[in-house]
Amino acid sequence: MTRVTLIDGQMAGISGDMFLGALIDAGAKVSDIQQTLNLIPDHFPRCKSIKLNAAEVKKHGFRACRTELTIVEDAEETKALELIQATQEVCESAKLSEKARSFANNAIRILTDVESKLHGVEISSTHLHEAGSTDTLADILGTAVGCDSLNLFEGKIYSCPLAVGGGTVSFSHGTVSVPAPAVLEIARQHHIPIFGGPANEELTTPTGVSILASLVDEFVKSAPPLIPDRVGYGAGKRELTDAPNVLRLIVGQTGEERFERDAVQVVETNLDDVSGEVVGVSVQRILEAGAKDVWVTSALFKKGRPGYVLHAMCGREEVGKISRVIMMETGTLGVRYQPWSRFILQREVVTIKLGFKDRTFDVRVKVARDRFGEIVRVKPEFEDVDLISRETGLPVREISALALDKARTEVGKKAGV
């Protein structure tokens, strides 16, 4: 069985304390989290003491866990590098797992980097206001411990689109529209889907969205297939008029799947006024830009005009770059993109040696395995087979068959088959 987690911030967004509450409600122990939080004063001089409290509350009739931090700290600005260093040191002192440390350090960097960008200064000169308080550090470190204790890092983590609220929010830099600039920038950089409402106030905080950006593997419109075994509800501080102010966390299992899951984006555009030569060059340019795959299908558009649909598959981070290449090369006025889920095999390339008379040739071989290590396919690289054919005068099909037989034997021995 494979661990699957769904973070549902559609009702009331996400904040650090809400997510911490959801983890505790799902089974994470307050004592384990507190043990790590006790190390903060040793590495973050601003903090003198910190205590985590968790209690059951009701939000619109629904029970949830509300966490609050009792902190004694100096009221002073914090440098971004101080927050980064404190996170690294606490992670080491607490002996968190490698994945928990990676999450915590990444979440802090996401938060501090966006503050640096928004203020237009280098990270070394960035001073934090609200984001530099002890509770930011506690929320992220507490989340790292909670996720570790529930084994969330060992599976795949999904998230629904995120409610950000509406209206305005006031903080040290004045009053701004919701979502706050830091929330919006993190969502932009990490392609996090957001929507306004359901309340006319701030629902998602910079700390909350930085946790999401560092934690989530894939954003989905609906829950993935899973058998729920734990559900946690984390309560926000305020009372909302039309919705329970809670974040829902669903932890479950899926059946054993032979293949790994993967998420990609597919960018497409319709072309009815470009030549075949332009389409061919565009395909090459898109591949050079980092697309995983590109293909073209024939189509018939309005007024009976024949043309093409150009498709490019890429990672979530490359959508903007690939879109620009498509528009620049084809002249199209727009593109569309959508997430695709897929099953994939683990792939590797090994090299075998084939001897013909007094010569030895290297042949690259693609080996595909399922998630249990079982070999599903072995395929010699055609370019290498073709080269040998040209050099020896033997047919490609004979060389390919010899390479395949030897590859299966050698790969099977390495795998202990």
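Given a 10 angstrom Cα cut-off, can you work out which residue in PRO339, PRO225, PRO181 is the most mobile in a GNM of the chain?
PRO225
Name the aspartates and glutamates eligible as straight-distance cross-link partners of LYS117: C-alpha to C-alpha under 13 Å, and not fewer than 8 places from it in the same chain.
Those aspartates and glutamates meeting the cut-off are GLU185.
For region 268-310 and region 20-79, what is the centre-to-centre distance using only Cα atoms, to the nearest Å?
53 Å
Magnitude of the Cβ-charge dipole of region 346-414, K/R +1 and D/E -1, about the Cα centre, nearest 20 debye?
The calculation lands at about 260 debye.
Let me know the charge dipole size of the chain about its Cα centre in debye, to the nearest 20, where only the beta-carbon of Lys, Arg (+1) and Asp, Glu (-1) is charged.
The calculation lands at about 1300 debye.
Take SER275, project a point 7 Å from its Cα along the Cβ direction, then tell me which residues of region 303-321 have their backbone nitrogen under 20 Å from it.
306-310
Can you give the extra length, in nm with one decimal, that the chain gains between VAL57 and LYS95 once fully stretched, where that is 0.36 nm per residue apart less the Cα-Cα distance?
10.4 nm
If you stretched the chain out fully between LYS303 and ILE123, how much longer would it get, using 0.36 nm times the residue separation minus the C-alpha to C-alpha distance?
59.2 nm is the gain from fully extending LYS303 to ILE123.
Run lengths n ≥ 4 of DSSP H only: what is the helix-derived mean residue ellipticity at 222 nm for the chain, with -39500 (n - 2.57) per run over all residues, to the nearest 500?
That calculation yields -11000 deg cm²/dmol at 222 nm.
I need the phi-derived Karplus couplings for region 383-394: 6.51 cos²θ - 1.76 cosθ + 1.60, θ = phi - 60°, integer Hz, Gly and Pro marked x.
4, 5, 5, 5, 4, 4, 4, 5, 6, 9, x, 7
Say R0 is 25 Å: what FRET efficiency, to the nearest 0.05, do GLN85 and SER49 get from their beta-carbon distance?
That pair, GLN85 with SER49, gives E of 0.80.
Could you sort out which of LYS99/LYS156; LYS48/LYS79; LYS51/LYS156; LYS357/LYS406; LYS357/LYS379 sit more than 19 Å apart by Cα distance in this structure?
LYS51/LYS156; LYS357/LYS379
Tell me, how many Å apart are the Cα centres for region 136-182 and for region 315-388?
Computed from Cα coordinates, the inter-centre distance equals 36 Å.
Show me the three semi-axes of the equivalent ellipsoid for the chain, from the C-alpha gyration tensor (sqrt of 5 times each eigenvalue), largest first, rounded to whole Å.
Equivalent ellipsoid semi-axes, largest first: 47, 28, 21 Å.
So for region 261-344, taking the charge dipole from beta-carbon charges (+1 Lys/Arg, -1 Asp/Glu), which of ALA263, CYS314, VAL296 sits furthest toward the positive end?
Checked the options; the winner is ALA263.
Along its three principal axes, how long is region 161-283 when you only count alpha carbons? Whole Å, largest extent first please.
Cα extents, longest axis first: 60, 46, 25 Å.
If r is the Cβ-Cβ distance from LYS357 to GLN253 and R0 is 60 Å, what FRET efficiency results, to the nearest 0.05?
0.60
Ranking GLU218, GLU92, GLU115 by Cβ neighbours within 10 Å, fewest first, what do you get?
Ordered by Cβ neighbours within 10 Å, fewest first: GLU92, GLU218, GLU115.
Starting from 0.36 nm per residue, how many nanometres of slack lie between GLU76 and PHE382 once their C-alpha separation is accounted for?
Here the answer is 103.7 nm.
What FRET efficiency, computed as 1/(1 + (r/R0)^6) with R0 = 22 Å and r the Cβ-Cβ distance, is obtained for ASP242 and HIS191, rounded to the nearest 0.05?
Computed FRET efficiency for ASP242 and HIS191 comes out at 0.15.
Dipole of the chain (Lys/Arg Cβ +1, Asp/Glu Cβ -1, origin at the Cα centre): which of SER275, SER159, VAL251 lies farthest to the positive side?
SER275
Quick note: the coordinates plus some simple rules give every number you see, no bench work behind them. It should be emphasised that the depicted structure is a prediction, and the values quoted were computed from it without experimental measurement. Here Cβ is always computed from backbone atoms with ideal geometry, including for glycine, and neighbour counts include all displayed protein chains.
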